[in-house]
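Q: First, the structure itself, so that you have it in front of you.
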Amino acid sequence: MEGVPFSGIRKMMGRAWDLEGEGKPVIHLEIGRPDFDTPAHIKAAAQRALDEGKVHYTSNYGVPEVTRAIAAKLRSDNGLDFDEKGEIAVTIGANEAVFMAVMAFIDEGDEVLVPDPSWLNYFHCITLGGGVPVSVPLRAEKDFRMDPDDVARLVTPRTRMMVVMSPHNPTGAVLDRGHLESLAALAREHDLLVLSDEIYEKLVYDGAVHHSIGTLPGMRERTLVVNGFSKSYSMTGWRLGYIAAPRPLMDVLIRVHQYTVLCATSFGQYGAAAAYDGPQDCVREMRDEFARRRELILRRLRAMEGIECAVPEGAFYAFPSIRALGRSSEDVSMHLLEDAYVATVPGSAFGRYGEGYIRLAYSNSYENIDEAMDRMEASLAKL
């Protein structure tokens, strides 16, 4: 456990909440969650399930209504064909799906290639499972896309799995088909499993297109597709995600699920089924509002002295460079919180290659983001 630190994101959130408790007007740009309510038809479906007494254990895989809805969505949206009976498991958020993959397939000392910077749970779930996370550097000059040459250089006889996340947290990068084909070729050449985290797939901008690596030749049999309802349907507190994998792999994964959480919350799963089966206007409306906020935050950041920011093609994060300020990312984030009451996350929380950056989530209101940028500009001038 000495190798598993507390979350840098949660550290900033905790301090922000402390300041709020003291009456300070904190603006939260550190929290990676939509600020919208869950759409009404989703809540109504869960409420109906409660009223109908659907409050008991479910299959380890999930209720038939939701596995069927997930299978249909994967076919129509992603071109992925998974059997609703035995190749899809509903999990406690995408986080549990990642943990399942590590516990099922990573032995002591096995190496997993992880894009760096990245969502910190990849690194630490791997460590918890006895594996060794190996950082694949993401560089601004390459639009924060994982370079196949770096991947090839880092593969060893102990490499077992590669993590692919597109759209990417914290940079917002989206991998095009060409990049995915190069990564897929390496996975086939070295017989690697691929953990494909697609949780932000519906949040893409400027004509960017999400592709699943599992659709490429020779990849279905080695790809673990992770997704969920938190980001696109504003269901973070529902804790509902899923993992899809070919049956031989799912037969292993489901045992981890069975002996840890057993099943996801019964009545919540009916809400998840409604999310996929119901109208999708809510997703488009949220995405359009995120796009409006993205334009604001990019324009304001680029006007600040000492700040550079690449254009995020997906998700709802900006990842500006603060290197010109000559301070560590943790120093800058803490300064903004204590001085301007703007909560951000230091890039170092996402891996060693995240140093020199901070993450800002534009999953707050347009007005709050505009006010945060006013405060941030004035506060950074003091540095």
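Q: With a 1.4 Å probe and every protein chain kept in, tell me what percent of the accessible surface of the chain is carbon plus sulfur. Please report the intermediate quantities before stating the final value.
A: Working: 7520 of 15280 Å².
Here carbon and sulfur together make up 49 percent of the probe-accessible area.
Q: Taking the chain as a Gaussian network, Cα atoms linked when under 10 Å apart, which of PRO117, PRO157, PRO312 shows the biggest mean-square fluctuation?
A: With Cα springs under 10 Å in the chain, the top fluctuation among PRO117, PRO157, PRO312 is at PRO157.
Q: While we're looking at this one, here's another question. Could you calculate the FRET efficiency of ARG10 with LEU154 from 1/(1 + (r/R0)^6), where r is the beta carbon distance between them and R0 is 51 Å, rounded to 0.05?
A: Working: r = 29 Å, r/R0 = 0.56.
Taking R0 as 51 Å, the efficiency between ARG10 and LEU154 is 0.95.
Q: Where in the range 309-383 are there trypsin sites (Lys or Arg not before Pro) that are in a DSSP coil and have at most 10 other Cβ atoms within 10 angstrom of their Cβ? Show your work: numbers first, answer last.
A: Working: sites: ARG323, ARG327, ARG352, ARG359, ARG375, LYS382; in loops: ARG327, LYS382.
Within the range 309-383, the qualifying trypsin sites (Lys or Arg not before Pro) (loop, at most 10 other Cβ atoms within 10 Å) are LYS382.
Q: For the range 276-383, compute Rh as the Kirkwood radius over C-alpha pairs and then the Stokes-Einstein diffusion coefficient at 37 °C and 0.692 mPa s; write the answer in µm²/s, rounded to an integer. Mind dumping the intermediate values first?
A: Details: Rh = 14.4 Å.
So the translational diffusion coefficient is about 228 µm²/s.
Q: Sticking with this structure for a sec: Going by average Cβ density within 10 Å per residue, which order do the peptides 279-285, 231-237 take, highest to lowest? Walk me through the numbers before you get to the answer.
A: On the way: 279-285: 13.3, 231-237: 21.1.
Going from most to least packed, we get 231-237, 279-285.
Q: From the alpha carbon gyration tensor of the range 1-108, can you work out the equivalent ellipsoid semi-axes (sqrt of 5 times each eigenvalue) and give them in Å, largest to smallest? Don't jump to the answer; show the numbers that get you there.
A: Numbers: eigenvalues 218, 110, 45 Å².
Semi-axes (√(5λ), whole Å): 33, 23, 15.
Q: At ASN60 and ALA378, where each label point lies 7 Å from the Cα along Cα→Cβ, what is the point-to-point distance in nanometres?
A: Distance between label points: 5.8 nm.
Q: Kindly express, to the nearest 10 degrees and within the range 0 to 90, the angle between helix 8-21's C-alpha long axis and the longest C-alpha principal axis of the chain.
A: Its long axis makes an angle of about 60 degrees.
Q: Tell me which lysines have Cα within less than 24 Å of LYS43's Cα, excluding those fewer than 8 residues away on the same chain?
A: LYS54, LYS73, LYS202, LYS231
Q: Could I get the Rg over Rh figure for the range 246-298? Both from C-alpha atoms, Rh via Kirkwood, rounded to two places. Write down the numbers at each step before the final one.
A: On the way: Rg = 17.9 Å, Rh = 14.5 Å.
Reported Rg/Rh (Cα atoms, Kirkwood Rh): 1.23.
Q: Please compute the length gained on full extension between GLU367 and GLU295, using 0.36 nm multiplied by the number of residues separating them and subtracting their Cα-Cα distance.
A: Numbers: separation 72, 0.36 × 72 = 25.92 nm, distance 1.31 nm.
My answer for the length gained is 24.6 nm.
Q: OK, next. Under 10 Å, Cα contacts only: if you run a Gaussian network model on the chain, which one of GLY314, GLY347, GLY131 comes out with the highest mean-square fluctuation?
A: In the Gaussian network model the winner is GLY131.
Q: Does the range 108-160 come out rounded, prolate or oblate, given a ≥ b ≥ c as the square roots of the eigenvalues of its C-alpha gyration tensor, rounded meaning a/c under 1.5 and, failing that, prolate meaning a/b above b/c?
A: Values: a/c = 4.29, a/b = 1.45, b/c = 2.96.
Taking the square roots of the gyration eigenvalues as a ≥ b ≥ c, the range 108-160 is oblate.
Q: Subtracting the Cα-Cα distance from 0.36 nm times the residue separation, let me have the gained length for ASP191 to LYS85 in nm, one decimal. Don't skip to the answer; put the middle values down first.
A: Working: separation 106, 0.36 × 106 = 38.16 nm, distance 2.65 nm.
Length difference between fully extended and current span is 35.5 nm.
Q: Report D for the chain in µm² per second (integer): Stokes-Einstein, Kirkwood Rh on Cα pairs, 20 °C, 1.002 mPa s.
A: Numbers: Rh = 21.3 Å.
In µm²/s, the coefficient is 101.
Q: Taking N as the number of residues in the range 177-262, what is its alpha-carbon radius of gyration divided by 2.2 N^0.38 Å? Kindly include the intermediate steps, with their values, before the conclusion.
A: Details: Rg = 14.6 Å, N = 86, 2.2 N^0.38 = 12.0 Å.
This ratio for the range 177-262 stands at 1.22.
Q: If ligands, DNA and RNA are left out, what is the accessible area of ARG239 with a 1.4 Å probe, given in Å² to the nearest 10?
A: Approximately 100 Å² of ARG239 is accessible to the 1.4 Å probe.
Q: OK, next. Highest GNM mean-square fluctuation, the chain, Cα pairs closer than 10 Å: which of GLU141, GLU201, GLU355?
A: GLU141
The values are calculated or read from the model by the stated rules, or taken from the named source; none is laboratory data. Bear in mind the structure is a predicted one, so any value in this text is a computation, not a measurement. All Cβ positions, even for glycine, are placed from backbone atoms using ideal geometry, and neighbour counts span all protein chains on display. Remember, those area values only see protein heavy atoms, side chains included, never the ligands or the DNA or RNA. Shrake-Rupley method; radii C 1.70, N 1.55, O 1.52, S 1.80 Å.
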